[in-house]
Amino acid sequence: MNANSILQSYQHFGVHLGLERIQQLLQKLDNPHQKVPIIHIAGTNGKGSVCAYLSSVLTAAGYRVGRYTSPHLIDWTERICINQKPISTIALQQCLEQVVSAAEGNTETPTQFEIITAAAWLYFAEQKADIAVIETGLGGRLDATNVCETPLVSVITSISLDHWQILGPTVADIAGQKAGILKSKCPVVVGELPESARIVVEKRIKELDCPAIWVKPAVDLGEGFAEYQLSQNSVKIKYQLPLLGQIQLMNSAIALATLHTLQNLGWQISPTAIADGIATTQWPGRLQQTTWKNRNILIDGAHNPAAAIALREYVDHLTSSPSPINWVIGILATKDCDDILQALLKKGDRLYLVPVPDQNSSSPAELAAIAENICPELTVCQAFPDLTTALDAAVAGDNLTVLCGSLYLVGYFLQQQSQF
């Protein structure tokens, strides 16, 4: 079987948090997760951007850098990279075959995420990575990535309501799960959190005696540049910010604070490597300007309320007098559809609703009913059977067209875009 077939065969096991299966699996693989130092990153939003900044800078500093993120946009190989380069299809298949073989005879079948996570650890160890930047899949405490007892740095980017059906109904509950990645006396870097989440994380930091940095956003210097100063006594770092949106002032600052922590641990990361690495960072599918049939559009995951708020703020700042937006939106059935649409829609906007292909998607017709209740003054509110017809209708107008609501939808768009 090829890599995709192997992974699809585990899909029906669904989400099943817990560490026993992954620990048993890794033990059979000779504990590859113990052979590579890691930076472990959790958070509701911003994880991927911070992973991208860190891997780019550490690569510029001359290290062999593993990066493990999820989900992928087009292909599974995107999740596992060395120095920004995705694992080859053949190498992924070989790693997966070793993992599946190791899983035989286990008391409990691993989940799909556990299989691909074990493959990542195996690949990084085989490739002799100097360091790996590891993003949690869901939550933190019981996530399959949470198997290293001594991470170089643990990072919590942000905390808001998402996956509450699994992680708990309140922000404090979710904070408790994400704070589960913290380890005794290991350094921690934390972004700005809501008060209820901050209290939970702060308590855990004190219990584990973790050296902690609480990060403030970088200063926007305009014209695509930012400046970050860790403390009054530290040097100011001026850098070009390649990723779009105000949220990147925080995400880049978190990455810089994490790099400062590594420097204090003896890692050689020069100011030039930091400037070059940040400036060349790429993270597709998040506030990405692209085209559809020669018309400019903006694509973004915006798959939870906090991300949707950040997207709306970004599009409102694109012009001095905000004009109506053409929204092409698809949302998974497990997401907070009401709050996402509430954050995005304003009077006069045009809304084109689509299913998310091959996923547990909300019905476009049901989303239309929700949208009309939230914002009855939409100029257009229409359900479409597929993405291409919705996009064709949306880009026919002159206003900005934005595709969002699900990273799976963005990934499907990128696949379709490549065919034109």
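Length available on full extension from Val380 to Lys293: 0.36 nm per residue minus the Cα-Cα distance, which gives 29.2 nm.
Annotation: for a label point projected 7 angstrom from Cα along Cα→Cβ of Glu366, residues of the stretch 290-334 with backbone N closer than 12 Å are 331-334.
Label sites at Lys35 and Ala279, each approximated as a point 7 angstrom past Cα along Cα to Cβ, lie 3.7 nm apart. Short-range pairs are left out: with C-alpha atoms under 8 Å and at least six residues apart, the relative contact order of the stretch 206-315 is 21 percent.
For the chain, which DSSP H helices look membrane-span-like by this rule: Cα extent along the axis of 24 Å or more and mean Kyte-Doolittle of at least -0.5?
Details: long enough: 247-264 (26 Å, 0.67).
The answer, listed by residue number, is 247-264.
Kirkwood radius, the stretch 245-314, all distinct C-alpha pairs, inverse of mean reciprocal distance: 14.3 Å. Length gained on full extension, Gln232 to Thr389: 51.1 nm, using 0.36 nm per residue less the C-alpha separation.
Taking a ≥ b ≥ c as the square roots of the eigenvalues of the Cα gyration tensor, the stretch 288-417 is rounded, since a/c falls below 1.5.
Label the stretch 93-164 by shape, choosing from rounded, prolate and oblate, from the square roots a ≥ b ≥ c of the eigenvalues of the Cα gyration tensor; if a/c is under 1.5 it is rounded, and otherwise prolate applies when a/b is larger than b/c, oblate when it is not.
Cα axes put the stretch 93-164 in the oblate bin.
Residues whose amide H lies under 5 Å from that of Ile213, counting only those 5 or more places away or on a different chain, are Val188, Val189, Val190; hydrogens are built 1.01 Å from N in the peptide plane.
Partners of Lys238 within straight-line reach, counting lysines whose Cα lies under 17 Å from its Cα and excluding those fewer than 8 residues away in the same chain: Lys216. Ranked for footprinting exposure by Cβ neighbours inside 10 Å, fewest first, Ser196, Ser361, Ser56 give Ser196, Ser361, Ser56.
Between Asp220 and Thr109, the C-beta separation translates, for a Förster distance of 56 Å, into a calculated FRET efficiency of about 0.70. Listed values (1) 77, 51, 49; (2) 58, 56, 40; (3) 63, 52, 39 include one computed from this model; for Cα extents along the principal axes in Å that value carries the label (2).
Counting alpha carbon pairs within less than 8 Å and at least 6 residues apart, what relative contact order, in whole percent, applies to the chain?
Values: 840 pairs, mean separation 63.9, N = 420.
Relative contact order, the chain: 15 percent.
Placing +1 on the Cβ of every Lys and Arg and -1 on the Cβ of every Asp and Glu, with nothing else charged, gives the stretch 3-279 a dipole about its Cα centre of roughly 480 debye. Taking the charge dipole of the chain about its Cα centre, with +1 at Lys and Arg Cβ atoms and -1 at Asp and Glu Cβ atoms, the residue from Pro187, Leu387, Tyr314 reaching farthest to the positive side is Pro187.
List the pairs from Lys47/Lys178; Lys47/Lys128; Lys28/Lys178 whose alpha-carbon separation is above 21 Å, in the order I gave them.
On the way: Lys47/Lys178 12 Å; Lys47/Lys128 24 Å; Lys28/Lys178 27 Å.
Going by Cα-Cα distance, Lys47/Lys128; Lys28/Lys178 fall outside the 21 Å limit.
Pull out a ≥ b ≥ c, the square roots of the eigenvalues of the alpha-carbon gyration tensor of the stretch 82-224, then state rounded if a/c is under 1.5, prolate if not and a/b is larger than b/c, and oblate in the remaining case.
It comes out prolate by the Cα gyration axes.
To the nearest 0.05, what FRET efficiency results for Asn83 and Glu202 with a Förster distance of 45 Å applied to their C-beta separation? Calculated value: 0.80.
Computed FRET efficiency, Cβ-Cβ of Gln24 and Leu414, R0 30 Å: what is it to the nearest 0.05? Intermediate values should be presented prior to the final figure.
Details: r = 36 Å, r/R0 = 1.20.
Calculated transfer efficiency: 0.25.
Tally Lys/Arg at +1 and Asp/Glu at -1 over every other residue whose Cβ is under 10 Å from the Cβ of Leu221; what's the total? Please report the intermediate quantities before stating the final value.
Numbers: positive: Lys238; negative: Asp220, Glu223, Glu227.
For residues surrounding Leu221, the net value is -2.
With a simple spin-label model that places each label point 7 Å from the Cα along the Cα-to-Cβ direction, the separation between Leu318 and Asp75 comes to 3.0 nm. Values of log10 I(q)/I(0) for the stretch 307-362 across q = 0.17, 0.19 Å⁻¹ run -0.58, -0.70, by the Debye formula with one identical scatterer at each alpha carbon and no solvent. Estimated at 0.36 nm per residue, the fully extended path between Glu97 and Ser184 surpasses their Cα-Cα distance by 27.9 nm.
Values quoted throughout were computed directly from the atomic coordinates according to the rules given, and no laboratory measurement underlies them. Not measured: the values here are computed from a predicted model. Note: ideal-geometry Cβ built from the backbone for every residue, glycine included; neighbour counts use all protein chains shown.
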